[in-house]
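Notes follow the structure.
The values are calculated or read from the model by the stated rules, or taken from the named source; none is laboratory data. Predicted model, so just to flag it, every value in this text is computed and none were measured. Positions of Cβ are generated from backbone atoms using ideal geometry, with glycine treated the same way; all protein chains shown enter the neighbour counts.
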C-alpha cells in the first residue's frame, strides 16, 4: 500500500480513524482490530489469527497498481551465480 494520510475524527464518545475499503479487505479486518504500540508507530492487525493471503491474480493486480520499478531485478541475471557449481554446502567456482 502506498503511504496515505488519514483523518482522525469524532466517533461516538471517542476518536476514530477511517480506513479505505481496499485496506480492510486486503488485511481481513473486521469489527475488532488489534493495535500494537511500537517505537516507529502503531501496528494494526486483524483480531483473528488467520489472514487471508492474496491469490496470484490479486498479487499481480496489486503489484501492477503500485507501479513498482523492477529494473533492479534484472541486474541479478549477470551476478555470476549461474556459473557456480552447486552441491550440498557452499557453492564452488566452475572449472574452466
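The set of residues in segment 25-67 being out of contact with any strand residue (DSSP E or B) (no Cβ under 9 Å at 6 or more places or on another chain), surrounded by 11 or more Cβ atoms within 10 Å (Cβ to Cβ) and under 19 Å from residue 2 (Cα atoms) consists of 25, 26, 54, 58, 59, 60, 61, 62, 63, 65.
Taken over segment 80-93, the criterion of being loosely packed, with under 11 Cβ neighbours inside 10 Å, at pLDDT below 70 and in contact with a strand residue (DSSP E or B) (Cβ under 8 Å, 6 or more places away or on another chain) is satisfied by 92, 93. Of the residues examined, residue 77 is not one that is under 19 Å from the mean Cα position of the chain (by Cα) and either modelled with pLDDT of 70 or more or exposed (fewer than 10 other Cβ atoms within 10 Å of the Cβ) (or both). Selection of segment 11-21 for residues being under 25 Å from residue 59 (Cα atoms) and free of Cβ contacts under 8 Å to residues at least 12 places away in the same chain yields only 21.
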